[in-house]
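Before any comments, here is the structure.
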Amino acid sequence: MPCQACASFTANRASGAYSLRCLHCCARLIKSARPLRRLQEGHIAALKRFHGAAWPDVWPEIQRLLKEASTTPD
């Protein structure tokens, strides 16, 4: 697993632990807001602020992880 929060999620899917530094956690956070689009947009805005200048590099990777997650059952 990419981080301690991901390990916590693996052990307990209702853990609610996320690390904004971990792209897997970022994707999980956005996915957890579905189907509430405004909540998803809020999470994305917060992640964009957190990652700052690195956002143009980070966002495509998060999108890739979200796409993978949509093809993999929970």
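The values are calculated or read from the model by the stated rules, or taken from the named source; none is laboratory data. Keep in mind that what you see is a predicted model, and the values were worked out from it rather than measured. Note: ideal-geometry Cβ built from the backbone for every residue, glycine included; neighbour counts use all protein chains shown.
Please name all residue pairs, on different chains or six or more residues apart, with Cβ atoms under 7 Å, provided the first residue is in region 45-58 and is under 16 Å from residue 25 (Cα atoms) and modelled with pLDDT of 95 or more and the second residue is surrounded by 10 or more Cβ atoms within 10 Å (Cβ to Cβ) and aliphatic (A, V, I, L, M).
Final answer for the pair search is 47/20; 50/20; 51/58; 58/23.
Of the residues that make up region 17-37, is at least one at pLDDT 90 or above, among the polar types (S, T, N, Q), surrounded by fewer than 17 Cβ atoms within 10 Å (Cβ to Cβ) and part of a helix (DSSP H, G or I)?
There is at least one residue in region 17-37 that is at pLDDT 90 or above, among the polar types (S, T, N, Q), surrounded by fewer than 17 Cβ atoms within 10 Å (Cβ to Cβ) and part of a helix (DSSP H, G or I).
Between a residue in region 19-42 that is farther than 14 Å from residue 65 by Cα and without any contact (Cβ under 8 Å) to a residue 60 or more places away in the chain and any residue that is β-branched (Val, Ile, Thr) and surrounded by 12 or more Cβ atoms within 10 Å (Cβ to Cβ), which pairs come within a Cβ distance under 6 Å, given they are 6 or more apart or on different chains?
40/30
Give region 59-74 a look and list any residue that's at pLDDT 95 or above and polar (S, T, N, Q), or say none.
63
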